[in-house]
Structures are given as structure tokens and as C-alpha cells.
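**Q** After the C-alpha cells below, expect a handful of questions from me.
The values are calculated or read from the model by the stated rules, or taken from the named source; none is laboratory data. Computed from a prediction, not measured in an experiment: that's the story for all the values here. With ideal geometry, Cβ positions are generated from the backbone for all residues, glycine too; neighbour counts draw on all protein chains shown. Accessible surface is based on the protein model in full, side chains and every heavy atom, while ligands, DNA and RNA are left aside. Shrake-Rupley method; radii C 1.70, N 1.55, O 1.52, S 1.80 Å.
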Amino acid sequence: MDADRGHPGGRVPLRELGDPDPGVRARRNSIRKARRISNWTAAALVVGTGTAAAALAHQAFPAAAPAAGTAGQAGGAGTSAGTTGASPQTASGPPVSHSVATTTASGVTVTTTTTSVNGKTVVTQVRHAPAHTDD
Amino acid sequence: MRITAPTLTCAAPWQRVPTGDDVVAVAERAALGTSARVAVWPPGSIGVACAAVDDVLAALDQQASRFREDSELSWLYGAEGGVFMLSDGLAEAVGVALAAARWTGGRVDPTVGEALISLGYDRDFAAIDQQRGEPSGIPVPAPGWDRVRLDGPLLRLPPGVRLDLGATAKGVGSDRAVRAVMSATGPEGGVLVSLGGDIAIGGTPPRDGWPVTVAEAPDDAGPPLPQLVRLTGGAVATSSVTCRRWRRGGVILHHIVDPGTGRPTDGPWRMASVAAATCADANAAATAAIVAGPQAVSWLTGEGLPARLVGDDGEVCCLGGWPPVSGLPVPVPSGSHVYAGARPPGGAR
């Protein structure tokens, strides 16, 4: 709890890293969404999330209420599983005869860089062949 | 005076891919160290679809890339354990990875991050010196997915445990991208999204299903000969040990690591393609099949998953109703193991 004192938002400096300069701290707080929190804060959030999950399990809230945490993620993703077509659908689209994609190992890699040279932007794409040859 | 030009990575532009069918539009671009492809009908939706996929890819890269210093996952790497509040997106991705580990009996394990780094896969694959002379580091077995606890957005990570979401993240990305495209384009029409060959579809598929080629590489000519299958629902993903290989000290390594040993797998299968209800399920199952080695057939059969395995000798083994010949639809089981089961291993009960 001591770690939370003086940090009402629950955001506390990383002990290991000390108190960084304001620029670094601002970047951490504004850009990076993952942040370390104290054990007490974590415990409070765990309890809160567990309570919410239990309430949802008992349908104390409307099913559409957003649920923080894994229960909500599982529910949302479960819905998405249906969206992506978990069971074969009745095909009523147009006839397509040629392959549109290849399921394959992700061995082809492409690096795209944008370089500014004398005020002009140069986009470079380097395509790397699959490294499946052994020699 | 020599001027060092600033360099930054950026989203590659989409390029239309002619397929020979005017009733669908297909576009492709580089993404996530591999390629992303979108196919839609009606073809007029392609612009909106690509924009929707762009948003998903940008968010996923920001959340789960091991190779971006500013990603959430990289931030976890630097913190050496602790309790973290994750964004919703990374929490979902980690939750899926942990659920996949539970489902596959630990054959895919998101705690293989340190093992991959030790083997030399410590940067974007395109940047790896694939012929470096010195040997790789000592193999590091995965600490174990059950040491990681996720409760909603709260992640408890023991010190020294580094996550790699490679066995599930592309599948998650394809699933998300399909949802995003359907949301952006409306209920009419259909979409297929492929991230590095891990494919999800949504909406109404073309008559007889989306035609999809199964091959070890996009330009693969075999053997075995590439197969064309029809996808009418769900997803299909492929894992292979023949790509993403590099050499350390004369030893050829690849990116599919056995969590138990920390070494690249050395089983009888060089490629596994699996159909499942979602792309994250298919992605995890394909990798698990490679890791399972001799047990792959029994595990896939027990799970009721249609699969196509290619042995080291090129022999093809079709399971679970996967069509033995080209041109036929792949049956897709219903129900997801990794989304519906995405709950913390030791967290809230």
C-alpha cells in the first residue's frame, strides 16, 4: 500500500529503475500502456475483477455489459469465433476458381524502410527468400 | 559533408494481386516480418478492407512484437518480472497463448522467448545473420506457461520469463482482421485474411468456398505438389520447419522450439496444416503438431481436427476429413479451444 501513497492513479515508479527524468517518465506513461503496479494495487484489481466475473457468471449484470479481464476477452473472442465462421456456411457468393491465398509457413519476409535523402522520401522493400535451403 | 539519413520502418503499401477472377479483389503487403493478404468480394470493398486490416496490424505489432523496442511485449522484457497492467489487446493475445498452451499440453508455450533468443532468433528474422559462425547459446527449456498468471488485464510474470507469442499471434491477428473488415464493410460479401499463411475467413464465402493453396512456400512447386482446398468456414494455418532457418556454428536451426528442451524440434513432420474454428486455434494446433512429432497424429485425431501433415520424406498424411485430393472443401470443426478457454491458469477460478 505504501507504494500507492502519493500516486492516486495507481501508477508508481519502477523501483528497479529509480525515478526517471520527466521526459522518460512522460513517455512511459503516455506511450506504453503496460505498466508495473504495486502488489496491493494488483490485489485490489484482482479482487475487483474476480467479483465482477462472479457477478457476470450469475448474470447479475446485463450480458452486454463490458467485462474487464479475461472473462470479457473470452466472451468477446467466443463471439468472434462465430463471426469467422466456425461452422461451414451456405456458400452463396460468386464462383471463384483461382486460388486467392496460400497457407504456408511464414518464411517469406519483407523489410520495408523509408529513408529521407535530401528531403526526398525513398521507400525500399527488400524481399528475403525463404531460408529453407541448407547450403 | 556526409549526412546520415533518418530511417524508420513504415507500413508497406498494398499491392493488388491479379488472380484471374474479377469477382474478388486481392491485395497484399508486407507486415509483421512476413506478408499480409486480403481477399474480398464484392471487389469494391478492397480499399475499406485494407484500411481495416492496417489498423489491426498496427495495433498487434505495437502490442505483441518481440522486435520493436516500443512494443508492450518489449517493455515486459525490460522489467524482469512483476505484475503488469496490459492493454486489452495484449491481454487477449497472452490469454490466447496461455489457453493454447493448456490445450496442447504445453506443446506450444509462450514462455519460449528466452529459448529463441538463446538460439539466435533475437531480432526480426530478416535482420538475422543467417550464416553466423559462432555456435548458438546453451538451449534454455521454457520455464513453463503455468508459471504465468493472467487475470483479466493483470499479468504476473516471474523474473526471467520472456514471452513469445509466435505460435498464436498471427492467428489472433487474422481473426481480428476478419472481424474488423466485416465491421467496416457490412454484412454483405465475404473476406479472407492471411497473415504469413495463417488464414481466416468471414462473411459469406464464394460459391464452393475460398480456394486456398496448401504449400510449403508461396512459390513452392513441390514435392509434394501443392494442394488446392476450399475453405467454407473457420480458418486454416500451416507451420513448417523448412522456413525461417538459420545457421549457428555449422548447425542449422529453425524457429519451432520444443519447450521441453529449448531446442528446435526434430520430429518426423516438416509441415503441418490444420483447419479449425478460428485461426488462433489452427495456428496453435499446427505448431503443436510439429512439436508433438510422433504423437501428432493421435493428438490431432483426438481433437477432431482436419490436418495435412508432410513428413520429412515428403509423404503426405491427411487426417480428420482433410481432402486427399485437390479441389474439395475442408471440413471445419466448430468451437474454439483458445478463445473460449482463455482464462488464467492460476488466477481467478
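**Q** Touching a strand residue (DSSP E or B) at 6+ places or on another chain (Cβ under 7 Å) and open to solvent by 10 Å² or more (accessible area, probe 1.4 Å): does that describe B:Arg29? Give the steps one after another, and end with the answer.
**A** Details: touching a strand residue (DSSP E or B) at 6+ places or on another chain (Cβ under 7 Å): yes; open to solvent by 10 Å² or more (accessible area, probe 1.4 Å): yes.
It is true that B:Arg29 is touching a strand residue (DSSP E or B) at 6+ places or on another chain (Cβ under 7 Å) and open to solvent by 10 Å² or more (accessible area, probe 1.4 Å).
**Q** Report whether or not B:Ala217 is at pLDDT below 95, part of a loop (DSSP other than H, G, I, E, B), surrounded by fewer than 22 Cβ atoms within 10 Å (Cβ to Cβ) and within 9 Å of chain A (Cβ to nearest Cβ).
**A** yes
**Q** So which of B:Ser45, B:Ser65 is open to solvent by 10 Å² or more (accessible area, probe 1.4 Å), hydroxyl-bearing (Ser, Thr, Tyr), more than 8 Å from chain A (Cβ to nearest Cβ) and closer than 17 Å to B:Val94 by Cβ?
**A** Every option except B:Ser65 fails the conditions.
**Q** Can B:Arg308 be described as touching a Cys at 6+ places or on another chain (Cβ under 7 Å) and either outside any helix (DSSP H, G or I) or at pLDDT below 90 (or both)?
**A** yes
**Q** Within the stretch B:173-211, track down each residue that is part of a loop (DSSP other than H, G, I, E, B) and facing chain A (nearest Cβ under 8 Å).
**A** B:Gly189, B:Gly196, B:Gly197, B:Thr204, B:Pro205, B:Pro206, B:Asp208, B:Gly209
**Q** Given the condition open to solvent by 40 Å² or more (accessible area, probe 1.4 Å), out of contact with any Leu (no Cβ under 9 Å at 6 or more places or on another chain) and modelled with pLDDT of 90 or more, answer yes or no: does some residue in the stretch B:154-162 qualify?
**A** The answer is yes; a qualifying residue exists.
**Q** Still on this structure, please answer the following. Quick check on my filter: what residues within the stretch B:253-311 are open to solvent by 10 Å² or more (accessible area, probe 1.4 Å) and among the polar types (S, T, N, Q)?
**A** B:Thr261, B:Thr265, B:Thr287, B:Gln295, B:Ser298, B:Thr301
**Q** Here is a list: B:Leu73, B:Leu98, B:Leu60. Which entry is under 16 Å from the mean Cα position of the chain (by Cα), within 11 Å of chain A (Cβ to nearest Cβ) and surrounded by 23 or more Cβ atoms within 10 Å (Cβ to Cβ)? It would help to see each step written out before you state the result.
**A** Details: B:Leu73 fails: under 16 Å from the mean Cα position of the chain (by Cα); B:Leu60 fails: within 11 Å of chain A (Cβ to nearest Cβ).
None of the other options fit; the residue is B:Leu98.
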